[in-house]
1. Viscosity 1.002 mPa s, temperature 20 °C: Stokes-Einstein D of region 5-110 from its Kirkwood Cα radius, in µm² per second?
2. To make sure I understand, if each residue's beta carbon is the centre and we count other beta carbons within 10 Å, what order do H195, H161, H215 fall in, fewest to most?
3. Only Cα pairs under 8 Å and at least 6 apart count here; give the relative contact order of region 5-110 as a rounded whole percent.
4. Among 13-26, 231-244, how do they line up by average Cβ neighbours within 10 Å per residue, starting with the highest?
Amino acid sequence: MEKDFFTLSENGAYQILEKALWPEGPICPRCKAKAHLLSCRLVYQCPKCGRQFSLKSQSIMRKSHLSPKIWLSAMFLVCQDGGINAVKLSKLLHISYKASWLLLQKLRSLMRLTTRHHTKSLRKLVKTFFFLSGIKRRQRKNFSPMQVVEIDADDTPSKLHIHLVDDVSSDWLSDFFGKLFRHTPVEKRTPWLSHLNDGLKNLLEDVYHYGCRKHMQRYLDEFCFRFNIEGVSSRLEELLRRLGKRRQLLPWKKLVAEGLILPIWA
């Protein structure tokens, strides 16, 4: 899977995305019958009910004017260890900054879906609260990042989830963790947490230059996604596997209107 996607043709990129969306071949969204491609229009038609649909319409790429090759190249770049910002992505893919920024946010919505899935399976936990300097001073009094880490038997971190919360009271914590986990609280020394937080700080400072305050949670999700899934190929495969999650479409109006605090499981 690790290859230079910039050398792929449009047809090659299309075939990769098609295979990821329909491993067994195109399926009609209405009657679930197998459909065939009208090659002259890159549109699929169901022989049973006559429904016509496209690759984009059945994926997170719906209503996007960007080509499948640009989407695939962006997925490959965002899965790299160092991350990438919208300015650099727009230059590499020769698209506008606005299109690049929205594309990255849509990919982060898939990362958020994956991070949420991993968090629901956490078992042995370490939870902490820490100060995030990228949030404006007037917001710091109300919003704190909650960090939940799963640790292995040898106390090394294996899964990570960070979420901004507006309530850090003991009652809220007891209610939240009581619904999801059954565990006995113990005191532990966790020196490796400082390394995790240093990595997050470097990402926000060096890559995004703290230009992400309003949508901070989505950048935290990206950091957790990259930590929880090791290797570019595995990350890319995970994004491709969730390509058809159309409820993660994230329209522009919804994105610019959302608040700093997002629901933990949404």
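Just so it is clear, none of the values below were taken in a lab; they were calculated from the coordinates. Keep in mind that this is a model prediction, so the values were computed, not measured. Note that we place each Cβ from the backbone using ideal geometry, even for glycine, and neighbour counts take in every protein chain shown.
1. For the chosen part, D equals 144 µm²/s.
2. On the way: H195 10, H161 23, H215 19.
Least crowded to most crowded, the residues run H195, H215, H161.
3. Numbers: 103 pairs, mean separation 21.0, N = 106.
Computed over region 5-110, the figure is 20 percent.
4. Details: 13-26: 15.9, 231-244: 17.6.
Ranking, from highest mean packing down: 231-244, 13-26.
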